[in-house]
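The values are calculated or read from the model by the stated rules, or taken from the named source; none is laboratory data. What you see is a predicted model; the values in this text were computed from it and never measured. For neighbour counting, all protein chains shown are included, and Cβ atoms are generated from backbone atoms with ideal geometry for every residue, glycine included.
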Amino acid sequence: MAGASGNPKNASWYSGGGMASVMGPGAGNAYYVNGGSDGPVVDTGSGLTPDDPKQLIQSAIDLCTANNNDYVIILNYGANGRAVETWPVVVDVDQVHIVGVGTVGQKWPVVRPNAPAGADTASPAFSVTADRVEIAGLEIGGGDTAGGIHPVDAGGVWGLEVHDCFFGVTGDSAGQDGIRVPAGSAAPYLTVYGNRFGHYLTRDGVRFDANATRCMIGVPGKPKNYFHHIVGIAINVASTVTEPGIHDNVIAVPANTAGGAITLGANVLDGWIFGNVANFGDTDMGNNPFADGAAAGANDWGNNMQGITLAQPS
């Protein structure tokens, strides 16, 4: 038939396979992973088609070409992949997209170190060292002393985009933090939207131990982030961070704790924090869930709600 190239990764094949909804303009090659119980038990597949997938996420990333807009499609992931994956998975290819097949209601591929209580306690699921990376559609957990995703590069991991993922929503994705910018790194233009963070996390939802200049935790017009009973702080900007944007997040805190929803440290500058809602219980909580430890006027706050009442930070 005219126009049929025979390439299993051409545009019409993507569309027919339901891939058009997750691929952006200029999509490059697609490589498939199945580390679930219905996937291969050896990592010898080509990764070129869904019926010949790689077993390991790292193997699929290693097939990608930097700045080619390539996609890693995770069909399923569980014990079959976790047991032999080397943790953390290192995302070291610029402009790569890692997309799971999860729906809004459930993120079927669960990417988490194999033994968070054992040898992998300090390991995140993903250590991102490349720029302009997208991670979406997955349930992600870290080790006992790690987040699910760490951008790790002292020179800056630029433009990391994380959306439509679960962190600590079920016991399968427990970990210390959901997304963490670790000390010694930087994550300029980090963008986080449309995610759910749950009470199986043992510390914070999104935590900054280093700078993330002009990051956006919540993006107006995009699906909201939801935080449910995070034990520590839902959004904890603990380090020196310049111009963080924190917008439209919905946060249910687990106790009447001051600063439990959003806390800015003393060295946060030019932040803009608008449109967030947080509360504990069925009346306006007695303590302010928003806290700003920086100097007066260092950051801009507006239209944030403590229960059903507009509130400025404490």
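With Ala258, Ala266, Ala212, Ala278 as the choices, which residue is surrounded by fewer than 19 Cβ atoms within 10 Å (Cβ to Cβ), at negative phi, at pLDDT 95 or above and in contact with a Pro (Cβ under 8 Å, 6 or more places away or on another chain)?
So the residue among Ala258, Ala266, Ala212, Ala278 that is surrounded by fewer than 19 Cβ atoms within 10 Å (Cβ to Cβ), at negative phi, at pLDDT 95 or above and in contact with a Pro (Cβ under 8 Å, 6 or more places away or on another chain) is Ala258.
Results for (1) more than 17 Å from Gly137 (Cα to Cα); (2) of a type in the set (D, E, K, R), shown as yes or no for each residue.
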position	(1), (2)
Ser185	yes, no
His199	yes, no
Asp204	yes, yes
Lys224	no, yes
- From (1) in a loop (DSSP other than H, G, I, E, B); (2) of a type outside the set (Lys, Arg); (3) over 25 Å from Glu161 (Cα atoms), pick out the condition that doesn't hold for Gly221. (3)
- Output the residues belonging to segment 224-250 that are under 16 Å from Pro289 (Cβ atoms), of a type in the set (Val, Ile, Thr) and part of a strand (DSSP E or B). Ile235, Val237, Ile246, Val250
- Considering only residues of segment 262-289 that are under 20 Å from Arg214 (Cα atoms) and among the hydrophobic types (A, V, I, L, M, F, W, C), which is farthest from the chain's Cα centre (by Cα)? Ala266
- Would you point out the residue of segment 229-252, among those that are β-branched (Val, Ile, Thr), more than 15 Å from Ala298 (Cβ to Cβ) and surrounded by fewer than 24 Cβ atoms within 10 Å (Cβ to Cβ), that is nearest to the chain's Cα centre (by Cα)? Val250
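Condition check ((1) at pLDDT 95 or above; (2) closer than 30 Å to Gly155 by Cβ) across all residues:
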position: Pro25; (1), (2): no, yes
position: Asn29; (1), (2): no, yes
position: Gly39; (1), (2): no, no
position: Ser59; (1), (2): yes, yes
position: Val72; (1), (2): yes, yes
position: Gly78; (1), (2): no, no
position: Trp87; (1), (2): no, yes
position: Val91; (1), (2): yes, yes
- Query: Which residue out of Asn80, Asn34 is surrounded by fewer than 22 Cβ atoms within 10 Å (Cβ to Cβ) and either in contact (Cβ under 8 Å) with a residue 24 or more places away in the chain or within 21 Å of Arg180 (Cβ to Cβ) (or both)?
  - Reply: Asn80
